[in-house]
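Below is one structure, written out as structure tokens, with a few remarks after it.
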Amino acid sequence: MTLNKLSVACCAVQQTARYVAARSYVTASTSSFKAKDVEITRTKSPAAKPDVSKLKFGHHFSDHMLEVDWSESKGWEKPRICPMKNFQIHPAAKCLHYAVELFEGMKAFRGVDNRIRLFRPMENMKRMLTSAERSALPTFEGRELVELIKKLISIDVDWVPKASKEQPSSLYVRPTYIATEPTLGVAISTTAKLFVIIGPVGPYYATGLAPVKLLADPQYVRSWPGGSGGFKMGCNYAPTLYTQTIAASHGCQQVLWLFGDDHQLTEVGAMNLFTFWVNEHGEKELVTAPLDGLVLPGVTRKSLLELSKKWGEFKVTERKYTMKEVTKALNENRLLEMFGAGTACVVSPIDGLFYKNEMLKIPTMNNPAVTNRCMKELLDIQYGRTPSDWVELVE
Ligand SMILES: *Cc1c(COP(=O)(O)O)cnc(C)c1O
């Protein structure tokens, strides 16, 4: 073995040892920051709030943020709620080089009764912890982070916009977790920062509830078996921006991610995909791709599956399905609706697929019955019009 190969091998052994060590933090559920330890510093210069009718997704942030630091030597430090600020970060921090970063996306809603609700926040925490584990970052108690998020929202409660029929606005909550160790080795980070920023949002698309067209080109692959596509890690999103420009050049707003030689439909942009059709056996069926590691396990996806199963009006199926099935259904007039589903847009109807150099017309808007019902029932729960144990009151 040459010296070079030897040092690579040693390095790999060391790294494995550190990974095993890191895994013990990951599984040590007793080691977490606690919400009751939070230190609060309030801003002396609150910002002006934006006009609710002009909210652009992800452009506006409230007066405060939450921050918790971790290090291998000291463990979790006390959580801090402080005025919104820029970070100081070492230029060698691992997140800046190897995208050791993960995030969540959830919303707080000002209900018709003026109370503030979070939608299934523990589902986001569960997912965040799986992303943390996949990033070899230490875990924490999800409940503690939810309590801190509630505290943060209650301090900035005036930033939760009042929604109207035309403006289904809400407060977007972005928990983020980054590896901060200031060294360049591709190795597990010994320091990390968890933070949460929040801000008012309107509809995700400038087009509102207008339908979107999707680029369906199998040469672009988002996710693969054994990869990280099933986790909300920043590294999955950077490569999609180029594809987004290709989509735009074909008049499409989003990308339909296909997978495999049989062109399986997985998901859309950063949303899960639902197809409502009359299947080959003549049954009405709502179908979505299974959680086999290729798609992100969306909270909206899970909720819509649970809701539509409860309606009991058609078959609800999680399975692999392909473009061949979709084009056949389209040709036989069995395809009824297609929509994306995710926290940011809730439900987004699809009216075209650009596939094999042809724009296939998807008839969703002829009668978007299931699309609209999914949208309405979720919003009714989120804004407190329908009582549900899926929501948690902020205070
Ligand atoms: C966040 C996300 C979704 C939707 O998840 P929700 O929990 O419903 O918001 C779907 N796909 C991808 C790739 C995502 O990043």
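Read-outs throughout are calculated quantities, based only on the coordinates presented, and are distinct from any laboratory measurement. Everything numeric in this text was worked out from a predicted model, so none of it was measured. Ideal geometry is used to build each Cβ from the backbone, glycine not excepted, and the neighbour counts take in all protein chains shown.
With each label modelled as a point 7 angstrom along the Cα→C-beta vector, the residue 315-residue 262 pair spans 1.6 nm.
Of all GluC sites (Glu not before Pro) in region 125-216, which ones are in loop regions per DSSP and have a Cβ with at most 15 other Cβ atoms within 10 Å? If you can, show how the numbers build up before the last one.
Values: sites: 133, 141, 144, 147, 166; in loops: 141, 166.
The qualifying sites are 166.
Largest GNM mean-square fluctuation among 184, 102, 304, using the chain with Cα springs under 10 Å: 184. Listed by number, the DSSP H helices of the chain that run 27 Å or longer by alpha-carbon position along their axis and have mean Kyte hydropathy of at least 0.0 are 3-27. With Cα atoms as the point set, the radius of gyration and Dmax of the chain evaluate to 22.3, 71 Å. Ordering 68, 112 by the number of other Cβ atoms within 10 Å of each residue's own Cβ, fewest first, gives 112, 68.
Sort 306-312, 31-37 for me by packing, meaning the mean count of neighbouring Cβ atoms within 10 Å per residue, highest on top. Mind showing how you got there, number by number?
Values: 306-312: 13.1, 31-37: 16.0.
Put in order of decreasing packing, that is 31-37, 306-312.
Going 7 Å from the Cα of residue 167 along its beta-carbon direction, which residues of region 361-395 have the amide nitrogen within less than 18 Å of the resulting point? Backbone N within reach: 383. In the chain, the DSSP-assigned H stretches of four residues or longer account for a calculated mean residue ellipticity at 222 nm of -8500 deg cm²/dmol, using -39500 (n - 2.57) per stretch and the full residue count as denominator.
If you run the Gaussian network model on the chain, springs between alpha carbon atoms under 10 Å, then out of 295, 173, 326 the most flexible one is 326.
FRET efficiency for the pair residue 82 and residue 380, taken as 1/(1 + (r/R0)^6) with r the Cβ-Cβ distance and R0 = 56 Å, rounds to 0.95.
Please arrange 78, 193 by counting, for each residue, the other beta carbons lying within 10 Å of its beta carbon, fewest first.
Numbers: 78 12, 193 21.
Fewest to most other Cβ atoms nearby, the residues stand as 78, 193.
Springs join every pair of Cα atoms under 10 Å in this Gaussian network model of the chain, and among 189, 131, 154 the largest mean-square fluctuation is at 154. Among 143, 222, a tally of other beta-carbon atoms within 10 Å of each Cβ gives an order, fewest to most, of 143, 222. Annotation: for a label point projected 7 angstrom from Cα along Cα→Cβ of residue 103, residues of region 174-193 with backbone N closer than 18 Å are 174-180, 193.
Using 0.36 nm per residue and subtracting the Cα-Cα separation, the extra length available between residue 41 and residue 224 on full extension is 61.5 nm. Annotation: amide H-H contacts under 5 Å for residue 360 (H modelled 1.01 Å from N, sequence separation of 5 or more, or interchain): 353, 354, 355. Report the FRET efficiency, 1/(1 + (r/R0)^6), for residue 130 and residue 331, where r is their Cβ-Cβ distance and R0 is 41 Å, rounded to 0.05. Working from the Cβ atoms, E equals 0.55.
Residue separation times 0.36 nm, minus the C-alpha to C-alpha distance between residue 184 and residue 306: what's the value? Let's see the in-between values first.
Numbers: separation 122, 0.36 × 122 = 43.92 nm, distance 4.47 nm.
Gain on stretching residue 184 to residue 306: 39.4 nm.
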